[in-house]
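Readers should treat all values here as calculations from the given coordinates under stated rules, not as data from a laboratory. What you see is a predicted model; the values in this text were computed from it and never measured. Cβ atoms come from the backbone with ideal geometry, glycine included; neighbour counts cover every protein chain shown.
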Amino acid sequence: MSDSSVFSKGLAGIVADATSISQVQGEVGRLIYRGISIEELANQSTFEECSFFSLYGHLPSKSELNQFTLEMKTQRNLPKQALSIIENAPRTAHPMAILQAVVASLGFDEGCVNLKNEQGNIHKAIQLISKLATAVASISRERRGLALIAPRPDLSHAENFLYMMHGQIPSKEDSRMFDIALILHLDHDFNASTFSARVVASTEAKLSLSISAAIGALSGPLHGGANEKVLEMADSIGEPEKAEQWVRNALTSKTKVMGFGHRVYRTMDPRAKVLRGMLESIVEQKGHDKTYEILRIVHDTMIEELSKTSKDYIWPNVDFWSGAMYRLMKIDSIDFTPIFAVARVSGWCSHIIEMWRDNKIYRPAAQYVGPEDASYIPMEKRS
Ligand code: CMC
């Protein structure tokens, strides 16, 4: 490593490339997709429209959106090899592991990458976005011992996903809330899974194999896996009366509270605010929800306690409230991270397509800290 090289553990603060897809404005708690605030998109757009916007770089005309939506609908079915992986995976396997294998299997018949064929690459992206939702619902049903449900072409992406999960057409309210959750999770500049997708695709690897790598990165509890862990935490706390003391103990013992903290945000994650609002509206209708009550106390106690310390920059992130909302939609917590992937796949594909316009393989330097001039020791002379 030359003297002018910069070393930053975890690449914190390192600008690795340029993107015009999204920007996290960490100091002010703002997230924009191609300049438009996430709140505005959540209020007015749909997952299909945001996916088009993310992939193509402009808001679609009515006919462009119709054509894009139609293409997504026609691509929903899974090929035989994917279904076979789902049917043969052990029921005890985590759905993210199965999903990673299923998405990799979509590369069995994918041709070599042609960086110049952007439209062809976008078609492959649409296939992946569409099929990934079917894969997640099918993996979930297989685990629950239920027959797989074929996608319905008359339903939107969000409606169809909930339909394939539950075998019933969801209410308008549930599908709209789910659609908004997909919009909120669609992209987040250079998060770990997007960066993984970019690193793999920068070698000109196939799109499906790059997305499969991103799924692996998303599965970890420090990233997308946190949404499942938040609900495990709420369940282990058990009762709202125990939540305050549980947080104080966690902070004293330096146990990380899942769904809190972020590399870039220094204030509330704007996605967490929107999700909390939606969750509260469901809880209000229901009257009471124990999981929400526990999380509300964890949330308030964390903010109160952290405000007294130098760690007052630790705030709730997107993963804190999403799971409680999905649970009220009767989704098992083990399926939360795969659902994150249902949304983020649009961002992953958009980043790869953007990067391929001017591709350069990612190959950072390492700070070597090993010995400089060692000699091989024959086996008989080793102690
Ligand atoms: N609870 C308690 N303390 C925390 C938390 C937390 N959730 N997050 C960070 N800290 C402390 C951490 O222990 C460290 O303290 P010290 O300096 O005394 O060692 C300090 O704050 C800095 O944290 P860090 O882990 O070094 O920060 P990072 O930027 O490397 O990591 C993070 C960011 C998101 C991985 C981390 O905050 C974390 O592990 N949070 C919990 C998991 C989580 O919710 N992940 C979802 C992230 S957002 C959505 C997504 O990407 O999926």
_Net dipole in debye of the chain [+1 Lys, Arg Cβ; -1 Asp, Glu Cβ; about Cα centre; nearest 20]_ = 520
*Tell me, what are the semi-axes, in whole angstrom and largest first, of the equivalent ellipsoid of the range 296-368 as set by the roots of 5 times the Cα gyration tensor eigenvalues?*
33, 24, 10
_Extent along principal axes [Cα atoms of the range 226-328; Å; largest to smallest]_ = 38, 28, 21
*Residue-wise, which Karplus ³J(HN,Hα) couplings in Hz belong to the range 172-186, taking 6.51 cos²θ - 1.76 cosθ + 1.60, θ = phi - 60°, and x for glycine or proline?*
4, 5, 5, 5, 5, 5, 5, 4, 5, 4, 5, 4, 5, 9, 5
*Could you let me know the centre-to-centre spacing of the range 54-124 and the range 153-226, using Cα atoms, in angstrom?*
11
*Residues with beta-carbon under 11 Å from that of TYR362, excluding TYR362: net charge, scoring Lys, Arg +1 and Asp, Glu -1?*
+2
*Looking only at the range 247-267, which residues have a backbone nitrogen under 16 Å from a spot 7 Å from the Cα of GLU304 in the C-beta direction?*
247-252
*For the chain, set up a Gaussian network in which alpha carbons nearer than 10 Å are linked by springs, and say which option among SER208, SER350, SER171 fluctuates the most.*
SER171
*How about the range 186-289: which GluC sites (Glu not before Pro) there lie in a loop by DSSP and see at most 15 other Cβ atoms within 10 Å?*
GLU204
*Extent of the chain along each principal axis, from alpha carbon coordinates, in Å, largest to smallest?*
71, 54, 47
*Under the Karplus relation 6.51 cos²θ - 1.76 cosθ + 1.60, θ = phi - 60°, what is the ordered set of whole-Hz ³J(HN,Hα) values for the range 280-290, x standing for Gly and Pro?*
4, 5, 6, 5, 4, 5, 7, x, 7, 8, 4
*Most fluctuating residue given options SER333, SER51, SER236, as computed from a GNM of the chain linking Cα atoms under 10 Å*: SER236
_Ellipticity estimate at 222 nm from DSSP helix runs (n ≥ 4, -39,500 (n - 2.57)) divided over the chain, nearest 500_ = -17500 deg cm²/dmol
*Using modelled amide H (1.01 Å from N, peptide plane; none on Pro or chain starts), what sits under 5 Å from the amide H of ARG30, excluding residues fewer than 5 places away?*
GLN25
*Of GLY120, GLY107, ASN43, which is farthest along the charge dipole of the chain in the positive direction, counting Lys and Arg as +1 and Asp and Glu as -1 at C-beta?*
GLY107
*Leading residue at positive end of dipole, the chain (Cβ point charges), from SER202, SER375, SER140*: SER375
*With springs only between Cα atoms under 10 Å apart, run a GNM on the chain and tell me which of GLY167, GLY225, GLY35 wobbles the most.*
GLY35
